[in-house]
Amino acid sequence: MGRTAIVTGGTRGIGAAISKALKEAGHQVAANYAGNEEKANAFREETGISVFKWDVSEEAACREGIAAVEEELGPVEILVNNAGITRDAMFHKLSGEAWRAVIDTNLGSLFNMCRPVWDGMRERGFGRIVNISSINGQKGQMGQVNYSAAKAGEIGFTRALALEGARKGITVNAICPGYIATEMVTAMPQEVLDKHILPQIPVGRLGEPEEIARAVVFLVADEAGFVTGSTLSANGGQYMG
């Protein structure tokens with residue numbers, strides 16, 4: 001049964017793979033993006049998936065964006081909170097601006113996106129929310145105090161909201177990817193990947209965006225109603241916690 005889904009940060013990297021996989025699973029997908037209109041329009045032309053521009057760190061923008069999606073595609077029953085940014089720095093050099101930007105975009109966006117769809121999910125007795133956290137929210141990472149704090153916060157948000165949605169047919173789960181072969185990761189020098197990244201991963205390779213997407217497709221399925229409040233680690237065995 002096809003449902004209406006929003007994927008934030010849904011036109012590039014892991015988000016693009018999730019958007020495509022949800023469409024292939026029969027859902028109507030709205031892919032949110034923040035700034036790169038050229039790539040978003042190319043993604044729409046390639047996939048036929050509708051794209052919508054708004055800043056997930058802005059509460060009013062999220063309300064307006066979700067309203068536009070629902071007007072075009074119908075009530076949102078699946079929400080994948082994938083959008084995120086990095087502003088890496090060692091803590092003694094971390095600015096308040098960099099702290100707030102990452103917290104607002106990566107963690108604040110969960111409230112901004114979930115709150116407008118929550119009442120409708122409760123009324124209909126069905127909802128699927130998947131939050132894309134990170135291995136670094138589980139284990140921490142030097143130079144990423146802001147990012148790790150936000151991603152750890154996503155896990156706490158997931159568990160608490162799952163308890164509130166359970167009796168209303170709403171599941172809320174988190175996925176924590178490890179190193180995935182996105183543009184950002186593959187842009188690293190090969191020497192850095194070979195010497196410092198891949199040796200940490202027991203399976204000996206980077207993950208593929210499609211591997212995260214398949215996990216999302218499972219979690220949002222009607223048949224996955226008994227899985228809620230969970231944190232799925234998809235990191236090739238790099239961290240087991």
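Each reported figure results from applying straightforward, stated rules to the coordinates on display, with no laboratory input. Please read these numbers as outputs of a predicted model, since none were measured by experiment. All Cβ positions, glycine included, derive from the backbone under ideal geometry; neighbour counts span all protein chains shown.
For this structure, a couple of remarks:
- If you run the Gaussian network model on the chain, springs between alpha carbon atoms under 10 Å, then out of GLU210, GLU59, GLU37 the most flexible one is GLU37.
- Proximal lysine pairs, region 21-164, alpha carbons under 21 Å, eight or more residues apart or interchain: 5
- Whole-Å semi-axes of region 1-62's equivalent ellipsoid (Cα gyration tensor): 18, 14, 9
- Interchain or long-range residues, amide H under 5 Å from GLY229's placed H: VAL172, ASN173
- Interchain or long-range residues, amide H under 5 Å from SER50's placed H: VAL29, ALA31
- On the basis of the beta-carbon distance and an R0 of 45 Å, TYR239 and GLU71 show a calculated FRET efficiency of 0.60.
- Cα-only radius of gyration and Dmax that characterise region 1-132, units Å: 14.9, 51
- Computing P(r) over Cα pairs in 10 Å bins from 0, in percent for the structure here picks out one of (1) 8, 33, 39, 18, 3, 0; (2) 7, 23, 22, 24, 18, 6, 1; (3) 9, 31, 28, 18, 9, 3, 1, 0, namely (1).
- The coefficient of translational diffusion for region 107-190, derived via Stokes-Einstein from the alpha carbon Kirkwood radius under 37 °C and 0.692 mPa s, stands at 233 µm²/s.
- Amide H within-cut-off set for GLY140, under 5 Å, with H built and near neighbours excluded: none
- MRE, 222 nm, helices only [DSSP H, n ≥ 4, -39500 (n - 2.57), over the chain, to nearest 500]: -13000 deg cm²/dmol
- R0 of 35 Å, Cβ-Cβ distance PHE218-ARG122: FRET efficiency to nearest 0.05: 0.90
- For region 203-214, 3J(HN,Hα) per residue [Karplus equation, 6.51 cos²θ - 1.76 cosθ + 1.60, θ = phi - 60°, Hz, x = Gly/Pro]: 6, x, 7, 6, x, 9, x, 5, 5, 5, 4, 5
- Applied to region 79-94, the Karplus parametrisation 6.51 cos²θ - 1.76 cosθ + 1.60 on θ = phi - 60° returns per-residue 3J(HN,Hα) values of 10, 10, 8, 10, 4, x, 9, 10, 9, 6, 5, 4, 4, 5, 10, 6 Hz, with x for Gly and Pro.
- Residues considered: HIS196, HIS92, HIS27. Largest GNM mean-square fluctuation over the chain, using C-alpha springs under 10 Å, is found at HIS92.
- Near-label residues of region 128-152 by backbone N, under 20 Å of a point 7 Å along Cα→Cβ of LYS93: 141-149
- Of the residues ALA68, ALA21, ALA215, the one that moves most in a GNM of the chain with alpha-carbon contacts below 10 Å is ALA68.
- Per-residue ³J(HN,Hα) for region 189-201, Karplus 6.51 cos²θ - 1.76 cosθ + 1.60, θ = phi - 60°, Hz, x for Gly and Pro: x, 4, 5, 5, 4, 5, 8, 10, 9, 4, x, 7, 9
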